[in-house]
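The values are calculated or read from the model by the stated rules, or taken from the named source; none is laboratory data. In this text the structure is predicted, and so the values were computed from the model without any measurement. Positions of Cβ are generated from backbone atoms using ideal geometry, with glycine treated the same way; all protein chains shown enter the neighbour counts. Just so you know, the surface numbers come from the protein's heavy atoms only, side chains and all, with ligands and any DNA or RNA stripped out. Shrake-Rupley method; radii C 1.70, N 1.55, O 1.52, S 1.80 Å.
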Amino acid sequence: MLNRVIWIILDSAGIGELPDADKFGDEGADTFGHIYESKEGFRLPNLEKLGIGNIRGVNKNIRNVVNPVGIYGKAMEKSKGKDTTVGHWEMTGIITETPFKVYPNGFNEKIINKFIESSNLPGILCNKVGSGTKVIEEYGVEHIKTKKPIVYTSADSVFQVACHTSVYSLDELYEMCENAREILCGDDSVARVIARPFDGNPGNFVRTSDRRDFSVKPSDSNLLKILQNNGISVTAVGKINDIFCGSGIEKAIHTTDNMDGVNKTLDEMKELEKGLIFTNLVEFDSKWGHRRNVEGYGQGLIDFDSRLPQIIDNLRNNDLLIINADHGCDPTFKGTDHTREYIPVIAYSKNCKNGVDLGILNSFSDIGATIAEIFGVKISNGESFLNKIL
C-alpha cells in the first residue's frame, strides 16, 4: 500500500522532439540526448540503472541496461505550449487548450503606463524580448542611476522585472510584481510575472536566488487542490508554490539551488508521514538551459544523479518516487527558448514491480492521475498507470 509520493521535476530535461515539434520550430531538439552526445563517456549511472536509456526511441547515446530496476517511459504533451506553467498544470490534470498570450514586440503602452502608475515608478527600461543575464548587463547601470526597473519578456508568456537589490528591496520588487499581476489579466493576461533581483557591480552583475514567480491561479480541478480538499498533505519544494499560486499547498519551502532542493526534499522525507512532496529543481532550466550552457547542464545532471542513491535509500516501503521533466530546453539548440519535447518519466518503489516499461504516455496528466489513484481521488484528465506497477 503506497501512501507517500516524492515527485521531483528536473525542470526542462526533455528527452526528444514531440511529433508536433515543427509547429514550434523545435525539430531536432533533444535535451537529454544532446547532452549525452556532447561529451564522450558521459554517464548518469543511477538514472541509467532505473531505465532512462531503456525508454522507447531515446537517443542511442543514452546507455540502456539489461535489467533496469525502475519504472520508465516518456510522456507526450497535450497542452498548447512548452513552458513551466503549462507543463506543471498538465501534470496535475489541467490541459491548456488556448496558449497564453506572448509579447514578441514588448508590452503595449497601456500596460506599461498602468505598471508605472501602480507602483509610482519613474519609468521603465528595456521592454523587449531578451535574455535575463544580457538585459541586466545592458541596462543595469542605467537602472541604478535612474531607479527605473528593467522590464522584459521572452518567447514564453512572461512579464519579467529585474531590479538591483541596492535600488529596490525584495519586498518592494515583490510588491511591484504583485501590482503587475493584477494588471496582466483578461485580454492582457500573461502566465507568469517574474521578479528577477540581481546584485553585484557593473560588469559583474549576478542574479540572486530570490527570484519569485507570480502565476495565474490554476482552476481548483488541479491535483494539489483536490488532495488538499481530501485531507492529503502537499509539501512544495522550490518554485512549485509559485507555479500553482499556492493552490492546494499546505507547506511551501524556498530553495537556493538544485542541491538545496534535494536537501530540503530529504528533510521533508524524514518528517512527512503521508502525502505528496512535490519538488522542482529549476537550475537545469534557468541557469543552464536558457543560457545554452551544455557543460553546466551536463554537470547539473551528474550532480543530481549522484544524489539519487541517497534519495532511494531514504524511501520507505510505502513510498513512490517519480522523476520527470515539464518541457525541454535543449542547451545545444538555437536561440534561448524552451523546446517542445517528450518528457522522461522515471519511477521507483520498494513496493512496486521492477523493470516496468510504461511506453509512451498520452499526456503529462497520466502522472497526476497515477498519484491521484494512490490517494483515492480522481482528476479530470489522464490515465493512471498504477495498475501496471503494483
If each part is reduced to its alpha-carbon centroid, region 120-145 and region 318-359 end up apart, in Å, by 35 Å
Under the rule rounded for a/c under 1.5, else prolate if a/b exceeds b/c, else oblate, using alpha carbon gyration tensor axes a ≥ b ≥ c, region 186-277 is classed as oblate
Computed over the chain, the relative contact order (Cα-Cα under 8 Å, seq sep at least six) in percent reads 30 percent
To the nearest Å², the heavy-atom accessible area per residue of region 94-205 with 1.4 Å probe amounts to 47 Å²
Probe 1.4 Å, heavy atoms of protein chains only: per residue, the accessible area of region 262-354 in Å² is 35 Å²
For S169, S380, the accessible-area ranking with a 1.4 Å probe, largest leading, is S380, S169
With the charge dipole of the chain built from beta-carbon charges (+1 for Lys and Arg, -1 for Asp and Glu) about the Cα centre, the Cα from N67, S157, G296 projecting farthest to the positive end belongs to N67
For region 1-95, shape from the Cα gyration tensor axes a ≥ b ≥ c, cut at a/c of 1.5 then a/b versus b/c, turns out oblate
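Between E142 and E37, what FRET efficiency follows from the Cβ-Cβ distance if R0 is 35 Å, with the result rounded to 0.05? Each step should come with its number before you reach the end.
Numbers: r = 41 Å, r/R0 = 1.17.
Given R0 = 35 Å and the Cβ-Cβ separation, E is 0.30.
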The extension gain from R63 to D199, computed as 0.36 nm times the residue separation minus the Cα-Cα distance, is 44.8 nm
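Classify region 225-344 from the C-alpha gyration tensor, please: rounded if a/c falls under 1.5, else prolate or oblate depending on whether a/b exceeds b/c. The partial results should precede the final answer.
On the way: a/c = 2.20, a/b = 1.54, b/c = 1.43.
Prolate, because a/c is 1.5 or more and a/b exceeds b/c.
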Averaged per residue, the 1.4 Å probe accessible area of region 20-61, protein heavy atoms only, in Å², is roughly 50 Å²
Candidates P149, P202, P218; GNM for the chain (alpha-carbon contacts under 10 Å) flags as most fluctuating P202
Projected onto the charge dipole of region 324-390 (unit charges on the beta-carbon of Lys, Arg, Asp and Glu, signs +1, +1, -1, -1), the Cα from G335, V377, S365 with the largest positive-side position is that of V377
Counting only protein heavy atoms with a 1.4 Å probe and every protein chain in place, the carbon and sulfur fraction of the accessible surface of region 212-303 in whole percent equals 44 percent
Which residues qualify? For R196, with a placed amide H closer than 5 Å and at least 5 residues away or on another chain, they are V161, A162, C163
Judged on accessible area alone, 1.4 Å probe, highest first, H290, H143 line up as H290, H143
Between the modelled labels at S166 and N293 (7 Å from Cα along Cα→Cβ) the distance in nm is 2.3 nm
Expressed as a whole-number percentage, the relative contact order of region 13-139 with C-alpha contacts under 8 angstrom and at least six residues apart is 14 percent
The chain, Gaussian network, Cα under 10 Å: of V66, V237, V216, the residue fluctuating most is V66
Dividing the mean separation of Cα pairs under 8 Å (6+ apart) by the residue count of region 256-377 yields a relative contact order in percent of 22 percent
For A75, other-chain or 5+-apart residues with amide H closer than 5 Å (H placed, Pro excluded) are I343, V345, L361
Of T84, T96, T279, the most mobile residue in a GNM of the chain (C-alpha springs, cutoff 10 Å) is T96
Expressed in nanometres to one decimal, the distance between label points 7 Å along Cα→Cβ at R316 and V377 is 1.9 nm
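Subtracting the Cα-Cα distance from 0.36 nm times the residue separation, let me have the gained length for S209 to N108 in nm, one decimal.
On the way: separation 101, 0.36 × 101 = 36.36 nm, distance 2.94 nm.
Residue separation times 0.36 nm, minus the Cα-Cα distance, leaves 33.4 nm.
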Probe 1.4 Å, all chains present, heavy atoms only: W89 accessible area in Å², nearest 10, is 20 Å²
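First obtain the Kirkwood hydrodynamic radius of the chain from its Cα pairs, then insert it into the Stokes-Einstein equation at 25 °C and 0.890 mPa s, and state the resulting D in µm² per second as a whole number. Intermediate results must be reported in sequence, preceding the final value.
Details: Rh = 21.2 Å.
Translational diffusion coefficient: 116 µm²/s.
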Rounded to a whole %, the carbon-and-sulfur portion of the accessible area of region 27-121 at a 1.4 Å probe is 45 percent
Residue by residue through region 186-191, the couplings from Karplus 6.51 cos²θ - 1.76 cosθ + 1.60 with θ = phi - 60°, in Hz, x for Gly and Pro, are x, 5, 9, 5, 10, 5
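Please state the charge dipole magnitude for the chain, taken about the Cα centre, from unit charges on C-beta atoms (+1 on K and R, -1 on D and E), reported in debye and rounded to the nearest 20.
Details: 44 positive and 54 negative charges, 77 e Å.
Computed about the Cα centre, the dipole is about 380 debye.
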